[in-house]
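What follows is a set of notes on a single structure, which appears directly below.
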Amino acid sequence: MELLVFVVLVLVVTVVTTVALVASRGRAGRALPPVPPSAPRPVETTPTATDAALPADAPILPATTESVQTAPPVAAPAALDVPEPTAGRIGRLRARLARSQSTLGRGLFTLLSRDVLDEDTWEEVEDTLLQADMGVRATSELVERLRTRVRVEGTRSPGELRTLLREELVTAIGADTDRSLKTLPHPDGRPSVILVVGVNGTGKTTTCGKLARVLVADGRSVVLGAADTFRAAAADQLQTWGERVGAETVRGPEAGDPASVAFEAVKRGIEAKVDTVLIDTAGRLHTKTGLMDELGKVKRVVEKHGPVDETLLVLDATTGQNGVVQARVFTEAVDVTGIVLTKLDGTAKGGIVISVQRELGIPVKLIGLGEGPDDLAPFEPEAFADALLGDEAAL
């Protein structure tokens with residue numbers, strides 16, 4: 001009995017084992033269904049400023065391994081100014097002397113056109129000349145000549161009076177005076193040196209810039225020296241004037257030694273072989289002895305390279321006879337060779353031209369007739385007299 005039970009258990013185990021083995025082989029023989037590919041996950045990127053600026057339908061360019069950098073465009077050099085010719089400038093600017101025409105030229109013509117020229121009339125003529133800043137001595141001499149010629153020649157017609165006034169004004173101004181500027185280089189190649197001096201507020205630095213334009217218009221090559229180291233904007237202002245006409249500017253540190261800047265400017269002019277070195281100095285009150293002594297030092301230091309060819313004194317024509325007083329003090333500090341009268345287009349009277357020359361014995365070489373860059377004109381006595389008298393038809 002026990003043997004029978006044992007045989008049954010063996011058979012059961014055998015059957016179960018066989019069924020399990022067959023089932024596992026059946027599962028291994030069947031192929032698994034393919035797994036569908038999953039869609040790629042989008043990669044999130046942070047948009048750049050360039051991407052944000054592109055429209056939605058803009059074509060996408062292929063990426064490159066190297067970024068392309070475009071060089072910034074090179075700015076074209078600014079075109080240099082072409083200054084107006086200096087010959088005849090005063091004739092083109094004659095309308096700027098309208099105020100002087102009314103106070104001097106036409107005022108004299110009106111008085112001398114009266115039917116009777118008595119003592120009262122001649123006193124009015126004298127007052128007119130004095131009000132025009134002609135000065136006492138020059139006025140007395142001009143009135144005496146006018147009285148003599150009117151009495152002897154019997155001049156009465158408008159045309160004759162205008163001719164008479166023109167001749168006497170030209171004589172008083174000095175037609176034979178040498179008003180040329182020494183701007184040509186020396187035979188040894190050293191450039192001409194021009195020193196510009198004056199009191200504060202006369203337009204000295206502006207005059208230097210305009211004078212550079214005058215020289216360039218006459219075919220000269222120029223180096224500018226910014227020896228006004230006390231006024232912060234002076235060197236920048238002068239450099240701007242120079243850049244407009246292609247002139248180099250030599251400058252030093254603010255509040256530096258002006259004599260050193262002037263010396264280096266002349267040195268640079270010699271190295272560059274230019275025609276003219278133009279030196280702007282600091283404005284100074286003529287009553288300040290220390291500042292006037294410093295101006296003399298600037299001149300002495302510059303003369304280590306050679307003598308200064310021109311020393312131009314800039315005077316504000318609207319100051320009248322005060323300008324003559326200023327000029328006297330400057331002539332004691334430096335050897336002034338010429339006068340530049342600025343602001344003659346304003347409230348100034350034309351008589352200051354005659355007065356400053358008569359009192360100082362120094363010729364007026366340039367006059368300023370406006371704020372434009374080419375409103376500085378070489379002084380021409382005949383053209384100036386014509387401008388004062390105006391057109392004959394208007395007299």
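The values are calculated or read from the model by the stated rules, or taken from the named source; none is laboratory data. These numbers come from a predicted model, not from an experiment. Cβ atoms come from the backbone with ideal geometry, glycine included; neighbour counts cover every protein chain shown. Quick note on the areas: whole protein, heavy atoms, side chains included, nothing else; ligands and nucleic acids left out. Shrake-Rupley method; radii C 1.70, N 1.55, O 1.52, S 1.80 Å.
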Evaluation of Val325 against (1) buried (at least 20 other Cβ atoms within 10 Å of the Cβ); (2) assigned to a helix (DSSP H, G or I); (3) without any contact (Cβ under 8 Å) to a residue 40 or more places away in the chain (one fails), failing number | (1)
Odd one out for Thr207, checked against (1) in contact (Cβ under 8 Å) with a residue 12 or more places away in the chain; (2) closer than 23 Å to Leu376 by Cα; (3) not in a helix (DSSP H, G or I); (4) not hydrophobic (A, V, I, L, M, F, W, C) | (3)
Every listed condition ((1) open to solvent by 50 Å² or more (accessible area, probe 1.4 Å); (2) of a type in the set (D, E, K, R); (3) touching a Phe, Trp or Tyr at 6+ places or on another chain (Cβ under 6 Å)) holds for Glu141 save (3)
Of the residues in the stretch 144-157 that are out of contact with any Asp or Glu (no Cβ under 7 Å at 6 or more places or on another chain) and open to solvent by less than 30 Å² (accessible area, probe 1.4 Å), the one that is modelled with the lowest pLDDT is Thr155
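Going through the stretch 225-282 one residue at a time, which ones are among the aliphatic types (A, V, I, L, M), part of a loop (DSSP other than H, G, I, E, B) and open to solvent by 30 Å² or more (accessible area, probe 1.4 Å)? Give the derivation first.
The initial filter retains those residues of the stretch 225-282 that are among the aliphatic types (A, V, I, L, M), namely 226-227, 232-235, 238, 245, 247, 250, 255, 259, 261-262, 265-266, 270, 272, 274, 277-279, 282.
With part of a loop (DSSP other than H, G, I, E, B) added as a condition, the list becomes 232-233, 247, 255, 274, 282.
Listed by number, the residues that qualify are Ala232, Ala233, Ala255.
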Within the set of pairs 6+ apart or on separate chains, which have a first residue in the stretch 145-169 that is under 13 Å from Ala385 (Cα atoms), a second that is among the basic types (Lys, Arg) and open to solvent by less than 20 Å² (accessible area, probe 1.4 Å), and C-beta atoms under 9 Å apart?
-> none
Just name the residue that is surrounded by the fewest Cβ atoms within 10 Å (Cβ to Cβ) out of those in the stretch 158-193 that are farther than 18 Å from Val125 by Cβ and of a type in the set (S, T, N, Q).
-> Ser180
Pairs only if they're at least six apart or on different chains, beta carbon under 9 angstrom, first in the stretch 171-183 and in contact (Cβ under 8 Å) with a residue 40 or more places away in the chain, second assigned to a loop (DSSP other than H, G, I, E, B) and among the hydrophobic types (A, V, I, L, M, F, W, C); list them, first residue then second.
-> Ala172/Met134; Ile173/Phe379; Arg179/Phe379
